[in-house]
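Shown next, in structure tokens, is the structure this report addresses.
The values are calculated or read from the model by the stated rules, or taken from the named source; none is laboratory data. Predicted model only: the values in this text are computed from it and were never measured. Note: ideal-geometry Cβ built from the backbone for every residue, glycine included; neighbour counts use all protein chains shown. Just so you know, the surface numbers come from the protein's heavy atoms only, side chains and all, with ligands and any DNA or RNA stripped out. Shrake-Rupley method; radii C 1.70, N 1.55, O 1.52, S 1.80 Å.
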Amino acid sequence: MRFEVSKVLDAIEVRLTTDPALARAVVDLSEIVRYADLDGGRPASSVRLGLVVDALGKRLSEENVPVFVVAPRGLLSDTDLTSNERMVIRRWADDGKVEVVPQLDDRVFEVAELLGLPVLTRTRGTSERHPWVDEPGRLLAAVAGEGGSTVLMARVGRGEPPQAAERSPLGERLLARVWSCPEPNCTSFGSGGDPDSPFADMRTYTSPVSQPPPSLRGGVPSCPRHGAQLRDAGPRAAVEVLSVRIDGVVRRRFVVSTDEPVVVGRAPEGGRGVMLGQWLTDDARKWISRGHVQFTLRTDGNLTVQDISTNGSGVRPGGTVNDDERVALHRQESRTLAAEDVVELYAGVQVGRSKMWATGGVVQPESVMAEAPTMALRKFERG
Ligand SMILES: [Zn+2]
């Protein structure tokens, strides 16, 4: 059973992010692992995070939806979890995949407010520092789980259907800067320490462009993990979030920053870039080069695409479905992309700005629970 739990945790791991550009909801891991009603199982189980991740994907009709997970430090020594589960959560924390804080306070609501994200929680609760939580118009939406049962309530932005809200003005200002923590081994706001150190490669650091939002506990930007005041380390690179959409289904989102162009193709060199191979038909696989197109975000805010393929690609201005309006892009040709332009690598294999596609286009997103212990699942289906 432990073996299967490990597989579920591996599947969950790829959905964890503290990147403000990619996270789609915020969760308190200590609440979720104790949400025994979800599967009627043990008092605490990390596998429940998978049920929540699945429910969110279903709610958004999108594949590979990432969540921002916050955990109080005490969870790392919670003996209701197995030692294996504690070890995995500790590794996630060390790798900066989840944010571990000394005390939860209302960090979850703070992240939600700064980033404009829904909170996935089962309790309505209140928050003194974040009174918006109880404002009328802030919807509490049921997140439907397997078999139509309600998994969680999502505290979401204004509007119907529930949408993520805008980032708060304060969130925008904080995320316009790179922050630096005085703690030498800070994963979230670290500089990587001494590059000549023999241990320099042994730790992973969040890249400056995807740093989580600082905490404002005490009124100044602080490290959520260490409590230390953060130093302003200069402007942060601008980003644009793009989506890969194949035959109408959004497969994943990715970030292009002014710091780094991104290559999209069948299997870009060196494991960098966005790999499409696993989602392609045989014909598409034959047509699409390993590295097919490269996206660059210029400092003037313009997004450009350059064809680097063998067979060429195309741009659909304004996302037009009319093939006569499709503009061919030959090898080495570049083009600046207007807001709703869609790049097409092969018929139906598209990349465009994420905000353009409101729905991920899939009714039953792939589950992270495929390897879940059957007992827990059966119980869940009955519920
Ligand atoms: Zn820190």
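Can you give me the number of residues within the stretch 306-341 that are within 28 Å of the chain's Cα centre (by Cα) and touching a residue at least 40 places away in the same chain (Cβ under 8 Å)?
Counting residues in the stretch 306-341 that are within 28 Å of the chain's Cα centre (by Cα) and touching a residue at least 40 places away in the same chain (Cβ under 8 Å) gives 1.
Since residue 275 meets every condition but one in (1) aliphatic (A, V, I, L, M); (2) open to solvent by 30 Å² or more (accessible area, probe 1.4 Å); (3) in contact with a strand residue (DSSP E or B) (Cβ under 7 Å, 6 or more places away or on another chain), which condition does it not meet?
It is condition (3) that residue 275 fails.
For the stretch 179-230, give me the residue count where each residue is within 13 Å of the ligand (Cβ to nearest atom), modelled with pLDDT of 90 or more and open to solvent by 50 Å² or more (accessible area, probe 1.4 Å).
6
Show me the strands (runs of 3 or more DSSP E) entirely contained within the stretch 306-377 in which 1 or more residues are buried (at least 17 other Cβ atoms within 10 Å of the Cβ) and among the hydroxyl-bearing types (Ser, Thr, Tyr).
So the answer is 313-316, 342-346.
Restricting the search to the stretch 292-302, which residues are buried (at least 19 other Cβ atoms within 10 Å of the Cβ) and of a type outside the set (Phe, Trp, Tyr)?
292, 293, 294, 297
Under 6 Å between Cβ atoms, which residue pairs at least 6 apart in sequence (or on different chains) link something in the stretch 217-231 that is among the hydroxyl-bearing types (Ser, Thr, Tyr) with a partner that is open to solvent by 70 Å² or more (accessible area, probe 1.4 Å)?
222/229
Mind listing just one residue for me: the one in the stretch 245-272 that is open to solvent by less than 40 Å² (accessible area, probe 1.4 Å) and not β-branched (Val, Ile, Thr) and, of those, nearest to residue 19 (Cα to Cα)? Lay out the reasoning, then the answer.
First, pick out the residues of the stretch 245-272 that are open to solvent by less than 40 Å² (accessible area, probe 1.4 Å): 246, 248-250, 254-257, 262-265, 267-268.
Adding the requirement that they be not β-branched (Val, Ile, Thr) leaves 248, 254, 257, 265, 267-268.
Details: 248: 25, 254: 11, 257: 13, 265: 23, 267: 24, 268: 22 Å.
Taking the candidates together, the pick is 254.
Search the stretch 81-102 for residues being in contact with a helix residue (DSSP H, G or I) (Cβ under 8 Å, 6 or more places away or on another chain) and assigned to a loop (DSSP other than H, G, I, E, B), and hand back the single one that is surrounded by the most Cβ atoms within 10 Å (Cβ to Cβ).
98
Within the stretch 279-294, count every residue that is of a type in the set (S, T, N, Q) and closer than 24 Å to residue 240 by Cβ.
Residues meeting the conditions: 2.
Within the set of pairs 6 or more residues apart or between chains, which connect a residue that is in contact (Cβ under 8 Å) with a residue 60 or more places away in the chain and more than 30 Å from residue 222 (Cβ to Cβ) inside the stretch 232-253 to a residue that is among the hydroxyl-bearing types (Ser, Thr, Tyr) and in a strand (DSSP E or B) with Cβ atoms less than 7 Å apart?
Within 7 Å, the pairs are 250/243.
Answer with yes or no whether residue 242 is buried (at least 20 other Cβ atoms within 10 Å of the Cβ) and within 16 Å of the ligand (Cβ to nearest atom).
Criteria not met by residue 242.
Select from the stretch 103-113 the residues that are of a type in the set (D, E, K, R) and assigned to a loop (DSSP other than H, G, I, E, B) and write down the one among them that is modelled with the lowest pLDDT. Give the steps one after another, and end with the answer.
Kept after step one, since they are of a type in the set (D, E, K, R), are these residues of the stretch 103-113: 105-107, 110, 113.
Pick out the ones that are also assigned to a loop (DSSP other than H, G, I, E, B) and you get 105-106.
Numbers: 105: 83, 106: 86.
Checked the stretch 103-113; the qualifying residue modelled with the lowest pLDDT is 105.
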